[in-house]
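**Q** Let me begin by handing over the structure; questions about it come next.
Values in this text are rule-based calculations from the coordinates and carry no lab data. Only a predicted model underlies this, so the values are computations on that prediction, with no experimental measurement involved. Cβ: placed from backbone, ideal geometry, glycine included. Neighbour counts: every protein chain shown.
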Amino acid sequence: MNAVINAPPAAIPGPAWNNRFAALGPDFFTALQPTPLQTPYWIGRNEALARELGLLEPWFSSQESLELFTGNKVAQGLQPLASVYSGHQFGQWAGQLGDGRAILLGELQTGAGPREIQLKGAGLTPYSRMGDGRAVLRSSIREYLCSEAMHGLGIPTTRALCVTGSSAKVRREEIETAAVVTRTAPSFIRFGHFEHFSYNDQHDQLKILADFVIDNFYPACRVAAQPYAALLQAVSERTATMVAAWQAVGFCHGVMNTDNMSILGLTIDYGPFQFLDAFDPGHICNHSDTQGRYAYNKQPNIAYWNLFCLGQALLPLMDAQAQALAALESYKTVFPQALEGRMRAKLGLPDALPEDKALIEGIFQLLAADKVDYSIFWRRLGGFAPGAGNEPVRDLFLDRTDFDAWALQYSERLEPVDHGLRADLMLKTNPKYVFRNHLGEQAIRAAKLQDFSGVDTLLKLLQAPFEEHPGQETFAGFPPDWATSIEISCSS
């Protein structure tokens, strides 16, 4: 009989890596290795995103993958780095900042183009300042779930591939455990990258950076008469459409510093964010924002202020200040048009009429007066029927008389609109599931006890927020009373 020789198991092939940002040169970053964490474990794995990135099983669930996305091992071909940038924080120039707890591993080639892979919480960098370079379980779960929630809502965003945890201790307001969230985007370049080189009179590096962004992400700007003014205009318009989407869905970012603004118009850096529960235009979600600079209703103007800072940073590449001012003007047109378009869709109006603006303003006033639950109102409005009692939506209001007056105007506006078309549009526009703070808090509490089922359940719901998901209705209900006591800050 022939002897059977058991061959060693074949290595699971991992991805091939690149890093275009590293090719910019050492003025733009510091090359360094992530700092390992002891005994890492999986908290959440976004298998749908992994497939989009071409990260296939069994590699994505392997020990090799776990070690890589925790920062414990660096795969062949990687060029890990932390980038340098500066920025304005809470309206004040803060000087040099940089990736204080984020390390760019490299770049994957995907069917949708190159995607950077970044570890958040992977250890100290030269830009950590007084920080420890770590992220905690709480904040990592929040970013993992919210970035995917935003993607599910169709809002431009960075995305989260996975979260890993460790028993390593991290001090915040209290002692917590460490975690690493792996996030991905076409680029993590921020307004603050441009501010850094402009404020330091490094105009050659500023031009290299601007050319890199134009050539890789805004190629149409290259053939414009003024390429750098065209870049500013394109960024302004992308930012305008992003913030309009925030306002329509009731999303509060919480810390819109210039170093937290993506040059690609993506929602980036999920810290003290919140989806509105009761509608309050002046709601401040960030406990650290004592002056209310980043309140919900101030976000559109803050975005323009940040774009103005970007325009100032780009001035050395332009012939005159007037070019930058002209480029910024598009924001003032694109934002209101984008917001009105989204609000008409939320109302189920497939076309635009002059009276729509008053209809939109009227319902916002009623929602604010009675502090009506924002998401539940819009979802229930999908079942509105002209001439009917409409109790499910009417009962959300204390002042039924004012609502009835608005409902009459709405009914008249709906007369030429096909009912089936309207209902379908509203169900596809008004989510049933949003990532409320109390849902995140419940999942985090369970995760601290090593139960990650809540994280997995929320991920599935938030990736498809417009679907009904029978049996999961509790995740779409009113927040409990204790939800108002949840405080989120810049450490969140």
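**Q** For A168 and E361 in the same chain, what is the full-extension length gain: residue separation times 0.36 nm, less their Cα-Cα distance, in nm?
**A** Contour length minus the Cα-Cα distance gives 64.5 nm.
**Q** Could you check what % of the DSSP bridge pairs in the chain are antiparallel, to the nearest 5?
**A** 95
**Q** So for the pair D418, F90, with labels modelled 7 Å out along Cα→Cβ, what separation do we get in nm?
**A** 5.3
**Q** Got a sec? Charge dipole of the chain, +1 on Cβ for Lys and Arg, -1 for Asp and Glu; which of L81, H438, L427 is way out at the positive end?
**A** Ranked along the dipole, the leading option is L81.
**Q** Counting pairs on different chains as well as pairs 8 or more places apart, how many Lys pairs in the stretch 190-430 have Cα atoms under 17 Å apart?
**A** Total qualifying Lys-Lys pairs in the stretch 190-430 comes to 4.
**Q** Continuing with the same structure: Can you bin every Cα-Cα distance in the stretch 190-430 into 10 Å intervals starting at zero and give me the percent of pairs per bin, rounded to whole numbers?
**A** P(r) over the stretch 190-430, rounded to whole percents: 7, 28, 28, 20, 12, 4, 0.
**Q** Applying a 10 Å radius around every beta-carbon, put 378-389, 254-265 in order of their mean neighbour count, most first.
**A** 254-265, 378-389
**Q** Order the peptides 268-274, 95-101, 365-371, 306-312 from the highest to the lowest mean number of other Cβ atoms within 10 Å of their residues.
**A** Ranked by mean Cβ neighbours within 10 Å, highest first: 268-274, 306-312, 95-101, 365-371.
**Q** Another question about this same structure. May I ask you to derive the FRET efficiency for T474 and S62 from their Cβ-Cβ distance with R0 = 51 Å, giving the value to the nearest 0.05?
**A** Approximately 0.90, to the nearest 0.05.
**Q** So if we plug the beta-carbon distance of S411 and E329 into 1/(1 + (r/R0)^6) with R0 = 51 Å, what FRET efficiency do we get, rounded to 0.05?
**A** That gives a FRET efficiency of 0.85.
**Q** With unit charges on the beta carbon (Lys/Arg positive, Asp/Glu negative), name the residue among I302, I117, F217 whose Cα is farthest towards the positive pole of the charge dipole of the chain.
**A** After comparing all options, I get I117.
**Q** Moving on. Given Cα pairs under 8 Å that are at least 6 residues apart, what percent is the relative contact order of the chain?
**A** Relative contact order, the chain: 14 percent.
**Q** Figure the gain on full extension for A220 and L353 (residue separation times 0.36 nm, minus the Cα-Cα span) and round it to one decimal in nm.
**A** So the chain would gain 44.6 nm between A220 and L353.
**Q** What are the extents of the Cα atoms of the chain along their three principal axes, listed from largest to smallest and rounded to whole Å?
**A** 80, 73, 49
**Q** Could you work out the relative contact order of the stretch 190-430, using alpha carbon pairs under 8 angstrom and six or more residues apart, expressed as a whole percent?
**A** Reported as a whole number, the value is 22 percent.
**Q** First measure r as the distance between the Cβ atoms of N18 and L315, then evaluate 1/(1 + (r/R0)^6) with R0 = 22 Å and state the FRET efficiency to the nearest 0.05.
**A** Approximately 0.10, to the nearest 0.05.
**Q** If each DSSP helix of 4+ residues adds -39,500 (n - 2.57) and the sum is divided by the residues in the chain, what number results at 222 nm, nearest 500 deg cm²/dmol?
**A** -12500 deg cm²/dmol, from helical runs alone.
**Q** Could I ask something else about it? Measure of size requested: the Rg and Dmax of the stretch 21-185, with Cα atoms as the atom set and Å as the unit; please supply both.
**A** 15.5, 48
**Q** Something else: Provide the per-residue ³J(HN,Hα) series for the stretch 163-170, in order, calculated from phi with Karplus coefficients 6.51, -1.76, 1.60 and θ = phi - 60°, each as a whole number of Hz, with x at glycine and proline positions.
**A** 10, 10, x, 7, 7, 4, 8, 9
**Q** Ranked from highest to lowest mean number of other Cβ atoms within 10 Å per residue, what is the order of the peptides 136-142, 64-70, 52-58?
**A** Packing order, densest peptide first, comes out as 136-142, 64-70, 52-58.
**Q** In addition: Under a Cβ-only charge scheme (Lys and Arg +1, Asp and Glu -1), can you give me the dipole magnitude of the chain about the Cα centre, in debye to the nearest 20?
**A** Magnitude of the dipole: close to 880 debye.
**Q** Something else: Would you pull out the residues with amide H under 5 Å of Q89's amide H, same chain only if 5 or more places away, H placed 1.01 Å from N?
**A** HN-HN under 5 Å from Q89: A94.
**Q** Let me ask something else about it. Mind listing the long-range amide H neighbours of I43? Cut-off is under 5 Å, sequence gap 5 or more, other chains count too, H placed in the peptide plane at 1.01 Å from N.
**A** When sequence neighbours closer than 5 places are left aside, the close amide H contacts are V163, T164, G165.
**Q** Which far-off residues, 5 or more places away or on another chain, put their amide H under 5 Å from the one on A102, with H placed in the peptide plane?
**A** The list, which skips near neighbours in sequence, is G121.
**Q** Take the alpha carbon atoms of the stretch 396-492, find their radius of gyration, then divide it by 2.2 N^0.38 Å using N residues; give the quotient.
**A** Rounded to two decimals, the normalised Rg is 1.45.
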